[in-house]
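Student: Below: one structure in structure tokens.
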Amino acid sequence: MKTVFRVFAYVRRYPWMATAMMACAILGTLMVVVFPKVTQVIIDDVRHGRGDRLWPLVLAAAASFFARDLLNALRIVINNAFEQRVIFDLRSDLYAHIQQLPLGWFDNRSTGDIMTRLLEDVQAVERVLIDGIEQGVIAALQIVIVAAMLFFYLPWLTWLALIPVPLMAIGALSYTLTAPNRYRAQRKASSAMNALLHDNLAGIRQIKTYVREREEHARFNAASNDLRNATMNIMRVWAMYNPTMSFIGALGAVLVVGFGGRAVLHGEMSVGDLVAFLWLVSALYEPIGKLHSLNQLLQAGRAAGERVFEILDTPAEPGRVEYDEKIDIAGDVRFQDIGFAYSEELPVLHHIHLHAQPGETVALVGHTGAGKSTLVHLLTRFYEFDTGEVLIDGKPLRDFSKSALRSAVGMVTQESFLFNGSIRDNLRLGKPDATDAELFGVLDAANAREFVDRLPEGLGTVVGERGVKLSVGEKQRISIARALLKDPPILVLDEATASVDNRTEQLIQQALDRLMEGRTCFVIAHRLSTVRHADQILVMDHGRIVERGTHDELLALNGAYAKLHATSFLDPREDAELVTR
Ligand SMILES: Nc1ncnc2c1ncn2[C@@H]1O[C@H](COP(=O)(O)OP(=O)(O)OP(=O)(O)O)[C@@H](O)[C@H]1O
């Protein structure tokens, strides 16, 4: 129930719309009493010499139907606007919160699952909200009004008409108690199918390369079949529950016809009363039937709501966010005895000490999995270190707002992720108000101007998902240009290992040199040239810094670094290129 109440809290944001909608619904429902009354009067009174009343009564009945449907039309218009606002709010809150969640949360979830929650689950929650409130209240109101009228007419026949109600309540209760598991299973199956779909679309090149289309199709069908089975399970129970309830409800009308008919035969009630009574009984069971459908919606919404609120209840990343805060950072970075673990079983960094002065280049080298990326991710608080302290310009990292800190650190990763927008949009991520002249300036510096000028729409060219329409070397240079535009005092650079041709390599290296100039740089180094020119090299092994010094010092030490060097761990190609440059 907690989930349901939390969902209803969203309605409170629009009290006027909710009130207007309810007013239309209530007034429209009140019209339900007119027709049975008119019918009774026509049958009983008009028949007995009050023919003059016939047409005014017919007119009154027509007017009541017109009013009911006019109010209904109004209610639908308000309802739609209300519904869309609520769904917008819930989706917006959810998205805003997702953006604030720590990276560790994303590491443990599939994109397809998150998207299912944001798209499908929000929709299911919204249906409960709107239909739940509105139709639930209307149905309850109609039941109360009609039951009151029935009791007013003939209490003994009303009691007979209500005999099926306790049976229906028991049926509804057992459905409600067993439904959550069925709906949870369905939401989970839907997420799993979407996750597979998302993963496969992202990996479509691999699927084609490894000729896995048939197998992946089978895997998709299996996930889709799970969803089908889960949905069928819900439907099967519903197919039993709904008609059973409808049949039990119909028994009420049957009892009324039987005992009411006998009363008419014995002259204890008029035919008009019996007809009116039957109308009212059907007007009583119609909303009861609706409540059953609503119960089904409610159970679906409950399962979806749990998944939506699970995200909203996940604590956001720690740290302040002050988007417009401007800070001046020189770029002095110090790690003091830093320890970090992704999870208790997976300690990754141990006793890390390092000091980089403003403008220095620190090269991180070491075998794969040594902890180099993890170390630099702590600098931007992508992950929170467990022990020790990181200081920037002598101030603890956690005293900076996250926004200011991340504005001060530029990142150029191997992946060079580009968004599916124009080159201009992608560059402006680094500086939203940059003019085209500034963009061309950084494209020049990043050796990217030439190919951008050659593109059919220049800066306006759309690069495709993840920048798929650009080559690896082009993407790298765009991402260097983007970092140049951001102009951060601290730079994290994950040197690309992917090979590009020698000329492109040279262009990229030149662009990087320009980018690194005058900044404190942490480079996850894969090239000999980079480490040669670094002010200090940190050699990492199993989460520890095992050696530190300059290239010559470390070679003279004849330890781990010398071994890496001897085994050509670092790519020497660029070195040769630079010498000839
Ligand atoms: N997001 C994560 N969640 C859990 N474990 C992780 C995560 N990222 C990295 N690891 C683990 O932490 C260890 C260090 O990884 P890290 O990526 O920092 O190494 P690296 O030195 O940068 O390696 P590479 O040069 O291959 O990128 C590895 O054992 C890795 O499996």
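The values are calculated or read from the model by the stated rules, or taken from the named source; none is laboratory data. This one's a predicted model, so the numbers in the text were calculated from it and none came from an experiment. Reconstructed Cβ throughout: ideal geometry from the backbone, glycine too, with neighbour counts over all protein chains shown.
Student: Being loosely packed, with under 14 Cβ neighbours inside 10 Å and without any contact (Cβ under 8 Å) to a residue 12 or more places away in the chain is the filter here; which residues of segment 12-29 pass it?
Tutor: Matches in segment 12-29: ARG12, PRO15, TRP16, THR19.
Student: Residue under question is ALA445, and the condition is that it be crowded, with 23+ Cβ neighbours inside 10 Å and touching a residue at least 60 places away in the same chain (Cβ under 8 Å); does it hold? Outline the logic, then answer.
Tutor: Working: crowded, with 23+ Cβ neighbours inside 10 Å: no; touching a residue at least 60 places away in the same chain (Cβ under 8 Å): yes.
Answer is no for this residue.
Student: Which residues, taken from segment 312-368, are surrounded by fewer than 14 Cβ atoms within 10 Å (Cβ to Cβ), away from the ligand (no atom under 16 Å from the Cβ) and in a strand (DSSP E or B)?
Tutor: ASP337, HIS353, HIS355
Student: Is segment 438-452 home to any residue that is in a loop (DSSP other than H, G, I, E, B), β-branched (Val, Ile, Thr) and touching a helix residue (DSSP H, G or I) at 6+ places or on another chain (Cβ under 8 Å)?
Tutor: Looking for residues that are in a loop (DSSP other than H, G, I, E, B), β-branched (Val, Ile, Thr) and touching a helix residue (DSSP H, G or I) at 6+ places or on another chain (Cβ under 8 Å), one finds none in segment 438-452, hence no.
Student: Next question. Could you count how many residues in segment 151-182 are free of Cβ contacts under 8 Å to residues at least 24 places away in the same chain and of a type in the set (Phe, Trp, Tyr)?
Tutor: 4
Student: State all residues of segment 179-237 that are charged (D, E, K, R) and under 17 Å from ARG302 (Cα atoms); if no residue qualifies, say none.
Tutor: Kept after step one, since they are charged (D, E, K, R), are these residues of segment 179-237: 182, 184, 187-188, 199, 205, 208, 212-216, 219, 226, 228, 236.
Result: ARG182, ARG184, ARG187, LYS188.
Student: Only one of these is over 42 Å from the mean Cα position of the chain (by Cα), at pLDDT below 80 and buried (at least 17 other Cβ atoms within 10 Å of the Cβ): VAL41, VAL33. Name it.
Tutor: After ruling out the rest, the residue left standing is VAL33.
Student: While we're on this one: Name every residue in segment 81-138 that is assigned to a helix (DSSP H, G or I), over 11 Å from the mean Cα position of the chain (by Cα) and within 16 Å of the ligand (Cβ to nearest atom), in order of residue number.
Tutor: Filtering segment 81-138 for residues assigned to a helix (DSSP H, G or I) gives 81-100, 103-107, 111-138.
With over 11 Å from the mean Cα position of the chain (by Cα) added as a condition, the list becomes 81-89, 100, 103-107, 123-138.
LEU103, GLY104, TRP105, PHE106, ASP107, listed by residue number.
Student: Of the residues LYS395, LYS372, LYS431, LYS402, only one is within 16 Å of the ligand (Cβ to nearest atom) and either out of contact with any Phe, Trp or Tyr (no Cβ under 6 Å at 6 or more places or on another chain) or under 24 Å from THR461 (Cβ atoms) (or both); which?
Tutor: After ruling out the rest, the residue left standing is LYS372.
Student: Which members of segment 549-564 meet the condition of being in contact (Cβ under 8 Å) with a residue 12 or more places away in the chain and more than 16 Å from the ligand (Cβ to nearest atom)?
Tutor: Across segment 549-564, the qualifying residues are GLY549, THR550, HIS551, LEU554, GLY559.
Student: Considering only segment 343-402, how many residues are over 20 Å from LEU493 (Cβ atoms) and not hydrophobic (A, V, I, L, M, F, W, C)?
Tutor: Looking only at that region, the number is 20.
Student: Also: Pull out all pairs, ordered by first then second residue, where Cβ-Cβ is under 6 Å, the residues are six or more apart or on different chains, the first lies in segment 206-218 and is assigned by the TED database to the domain that holds MET193 and on the phi < 0 side of the Ramachandran plot, and the second is among the hydrophobic types (A, V, I, L, M, F, W, C) and surrounded by 11 or more Cβ atoms within 10 Å (Cβ to Cβ).
Tutor: Every condition considered, the pairs that remain are GLU216/ILE207.
Student: Of everything in segment 92-131, what is touching a His at 6+ places or on another chain (Cβ under 6 Å) and of a type in the set (Asp, Glu)? Give them in sequence order. Before the answer, list the steps.
Tutor: Going residue by residue through segment 92-131, those that are touching a His at 6+ places or on another chain (Cβ under 6 Å) are 111-112.
Scanning segment 92-131 gives no hits.
Student: Can you tell me which condition ARG381 does not meet? The list is (1) assigned to a loop (DSSP other than H, G, I, E, B); (2) within 16 Å of the ligand (Cβ to nearest atom); (3) farther than 26 Å from PRO102 by Cβ, and all the others hold.
Tutor: For ARG381, the exception is condition (3).
Student: Let me spell it out: the conditions are (1) within 30 Å of VAL144 (Cβ to Cβ); (2) surrounded by 21 or more Cβ atoms within 10 Å (Cβ to Cβ); (3) touching a Leu at 6+ places or on another chain (Cβ under 6 Å), and PRO287 meets all of them except one. Which number is the exception?
Tutor: (3)
Student: Residues of segment 313-329 being at pLDDT 85 or above and either aromatic (Phe, Trp, Tyr) or farther than 25 Å from LEU405 by Cα (or both), which ones?
Tutor: If the condition is that a residue be at pLDDT 85 or above and either aromatic (Phe, Trp, Tyr) or farther than 25 Å from LEU405 by Cα (or both), then ASP313 is the only one that fits.
Student: Further question on the same structure: Would you point out which residue out of PHE82, PHE106, PHE66 is at pLDDT 90 or above and over 25 Å from PRO315 (Cβ atoms)?
Tutor: Criteria check complete, one pass: PHE66.
Student: Would it be correct to say that VAL308 is under 35 Å from the mean Cα position of the chain (by Cα), among the β-branched types (Val, Ile, Thr) and near the ligand (Cβ under 9 Å from one of its atoms)?
Tutor: On the way: under 35 Å from the mean Cα position of the chain (by Cα): yes; among the β-branched types (Val, Ile, Thr): yes; near the ligand (Cβ under 9 Å from one of its atoms): no.
Against the criterion (under 35 Å from the mean Cα position of the chain (by Cα), among the β-branched types (Val, Ile, Thr) and near the ligand (Cβ under 9 Å from one of its atoms)), VAL308 does not qualify.
Student: Any idea which of VAL308, VAL257, VAL264 is surrounded by 17 or more Cβ atoms within 10 Å (Cβ to Cβ) and either in the same structural domain as LYS402 (by the TED database) or not small (Gly, Ala, Ser) (or both)?
Tutor: VAL308
Student: If you go through segment 371-397, how many residues are over 28 Å from the mean Cα position of the chain (by Cα) and of a type in the set (Lys, Arg)?
Tutor: So the answer is 2.
Student: Residue under question is TYR241, and the condition is that it be over 24 Å from ILE143 (Cα atoms) and not assigned by the TED database to the domain that holds ARG466; does it hold?
Tutor: Details: over 24 Å from ILE143 (Cα atoms): no; not assigned by the TED database to the domain that holds ARG466: yes.
No.
Student: So, of the residues in segment 491-548 that are of a type in the set (Lys, Arg) and within 14 Å of the ligand (Cβ to nearest atom), which turns out to be surrounded by the fewest Cβ atoms within 10 Å (Cβ to Cβ)? Steps first, please.
Tutor: To start, the set of residues in segment 491-548 that are of a type in the set (Lys, Arg) comprises 503, 514, 519, 527, 532, 544, 548.
Add one more test, that the residue is within 14 Å of the ligand (Cβ to nearest atom), and what stays is 527, 544.
On the way: ARG527: 24, ARG544: 14.
Restricting to residues being of a type in the set (Lys, Arg) and within 14 Å of the ligand (Cβ to nearest atom), the top hit is ARG544.
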